[in-house]
Amino acid sequence: MSGAPDLFLMHETQTGLTGSIAQFACNYRQAPDEAITIAKRGVIDAIGVMLCARQEPVVNHVRQMALAGNPQGRARVLLSALHTQPAAAAMINATAAHAFAMDDVAWGCHPSAILMPSIFAQAEAIGATGADALRAWIVGYEVLAELASREPDPLHETGWHPSGLLMPVAVAAAICNLMELDTSTATHALGIAASMTGGMAVNFGTQTKAFHAGRIASSGITAVELARCGMTAATDALERENGFLRTISPAGKADIAGGIADTGGGLRLLTTQVNIKKYPLCYSTHRIVDAAASVAAKPGFSVDEIAGIAITAGRLQANMAHYHRPVTAMQAKYSVEFAAVSGLVAQAAGFAQLDPGFINSGLVQRLISISTIELDDSRGAEPGFCRADRVVVTLRSGQELDSGDFQYALGHAQDPLGSGQLRRKFMDCAVAGGVAADTASSLYDQLEALETVPELNFMV
């Protein structure tokens with residue numbers, strides 16, 4: 001799997017975006033080792049957070065609906081002994097992978113929590129290898145990157161959940177690659193997937209947010225199956241003037257010219273990678289937790305002496321994390337104020353801090369009530385983020401403790417988690433989901449060698 005493949009031979013016959021993406025999806029066969037390593041990080045992380053949420057109420061709701069009538073199939077549900085059809089398994093598993101908001105982030109979306117369940121479900125159904133699954137994940141990521149890079153404005157601006165818009169097409173491309181389909185079928189699959197997008201940010205902080213991922217994963221598979229059955233779609237669905245990219249574009253500025261970008265034979269994945277979440281909160285608040293935790297570590301800090309908390313955050317970040325007085329764990333996940341207070345009180349924002357006793361404690365609620373947010377309209381390196389977040393605490397003495405600017409959260413590709421931290425997160429998540437520690441450790445080791453696995457058959 002070493003060496004850089006020639007990704008863009010399809011330009012000789014296809015110049016339109018939809019057709020060239022279809023050719024890329026169908027023809028991509030060899031990934032460089034570095035890309036395989038990054039893909040495995042995303043897959044492993046997604047499986048860990050999926051296992052953690054196996055018994056969450058939203059997962060049970062989706063499982064009950066998806067398995068109605070007991071549809072038979074070869075795709076595993078939540079790595080259990082239960083099997084069903086790929087689209088149903090992908091729906092359940094992706095819902096679980098997104099339920100705790102701990103899944104990875106790239107291009108303003110959640111690639112692995114959606115790609116992993118989709119690809120694994122279809123791979124199990126057709127007997128594909130671990131290497132096949134990783135290659136398909138890379139294709140899905142590259143298509144996501146292509147679509148996202150053509151939009152100059154944050155998709156959050158108009159209230160969309162960007163994953164719901166872009167990821168159905170990325171999933172369809174990944175499944176076409178996995179199944180080694182022809183370009184014509186893939187072109188129609190992409191067009192069908194473009195009509196299966198959606199997901200509103202207004203549902204952040206509710207169970208529906210997790211279902212966004214489940215619906216997306218299922219939609220990508222369904223689009224491919226419909227194309228295989230002969231259903232047609234516009235063969236220029238992505239790039240037409242009134243097509244996908246321009247329709248979802250907040251200001252209609254999406255670049256629709258030409259085919260898939262020629263990056264010199266390389267992969268965007270190698271430069272942008274994936275950002276692994278450290279906390280089970282909306283990613284828009286992670287820099288705030290880290291900034292607050294840095295204040296709590298400063299000399300002279302005392303949580304009981306806090307008189308005021310001033311938070312600087314991006315306007316779109318605050319719109320996503322819009323619960324100003326959270327009282328439930330779901331609300332706390334989407335609260336700028338809670339993120340800062342949790343960082344100050346606990347120097348963390350983990351499962352322990354999402355306990356109702358912590359959220360509704362007198363100390364936490366007092367600190368939330370004296371928190372203010374200054375909105376920053378600058379644009380940072382990540383879609384929807386301002387240049388940097390900041391937390392300034394004023395003590396009763398009048399002393400101010402300033403975090404300074406935080407441009408990247410711990411776990412971002414610019415400040416990545418080490419392999420030991422990734423394993424620790426996986427173990428914590430799996431054990432919290434009821435998996436025995438020795439079983440979780442064995443599973444992690446197997447996934448570390450995923451590219452050598454002849455058939456996906458993991459069960460815990």
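Computed from label points 7 Å out along Cα-Cβ, the spacing between residue 305 and residue 325 is 3.0 nm.
If the chain linking residue 229 and residue 149 were pulled fully straight, counting 0.36 nm for each residue of separation and taking away their Cα-Cα distance, it would gain 25.6 nm. From helices alone, the chain scores -15000 deg cm²/dmol at 222 nm; the rule is -39500 (n - 2.57) for each run of n ≥ 4 DSSP H residues, then divide by the residue total.
Please give me the summed charge of the neighbours of residue 24: other residues whose Cβ is under 9 Å from its Cβ, Lys and Arg +1, Asp and Glu -1. Result for the neighbourhood of residue 24: -2.
Based on the convex hull around the alpha carbon atoms, segment 216-333 presents an average projected area of 13.0 nm².
At an R0 of 25 angstrom, the distance between the Cβ atoms of residue 184 and residue 247 translates into a FRET efficiency of 0.60. Taking the longest Cα principal axis of the chain as reference, the axis of helix 162-179 is set at about 40 degrees. Projecting each Cα onto the charge dipole of segment 355-460 (Lys/Arg +1, Asp/Glu -1 at the beta carbon, about the Cα centre), which of 446, 460, 365 comes out farthest on the positive side? After comparing all options, I get 365.
Computed with a 1.4 Å probe over protein heavy atoms only, the accessible surface of the chain comes to 35 Å² per residue.
Solvent-accessible area of residue 294, all protein chains in place: 40 Å² (probe radius 1.4 Å, heavy atoms, ligands and nucleic acids excluded). Note on residue 315/residue 200: beta-carbon distance plugged into 1/(1 + (r/R0)^6) with R0 of 25 Å gives a FRET efficiency of 0.90. Across segment 299-430, the convex hull enclosing all Cα atoms gives 123 Å³ per residue. A Förster distance of 30 Å, applied to the separation of the beta-carbon atoms of residue 262 and residue 158, puts the FRET efficiency at 0.50.
Treat every Asp and Glu Cβ in segment 301-460 as -1 and every Lys and Arg Cβ as +1, leave all other atoms uncharged, and give the resulting dipole magnitude about the Cα centre to the nearest 20 debye.
420
Distances between every pair of Cα atoms in segment 73-207, grouped in 5 Å steps from 0 to the bin holding the largest one, split as 2, 11, 19, 24, 21, 14, 7, 3, 0 percent.
Excluding residue 374 itself, what net charge comes from residues whose Cβ is under 15 Å from its Cβ, given Lys and Arg +1 and Asp and Glu -1? Neighbour charge sum, excluding residue 374 itself: -3. Charge dipole of the chain (Cα centre as origin; +1 on each Lys and Arg Cβ, -1 on each Asp and Glu Cβ, all else neutral): 980 debye, rounded to the nearest 20.
Of the accessible area of segment 114-180, computed with a 1.4 Å probe over protein heavy atoms only, carbon and sulfur atoms account for 47 percent. With the alpha-carbon atoms of segment 188-232 aligned to their principal axes, the span from lowest to highest coordinate is 39, 13, 9 Å, starting with the largest.
The values are calculated or read from the model by the stated rules, or taken from the named source; none is laboratory data. If you're wondering where the values come from, they're calculated on a predicted model, not measured in any experiment. Cβ atoms come from the backbone with ideal geometry, glycine included; neighbour counts cover every protein chain shown. Just the protein is used for accessible areas: all its heavy atoms, side chains included, with ligands, DNA and RNA removed. Shrake-Rupley method; radii C 1.70, N 1.55, O 1.52, S 1.80 Å.
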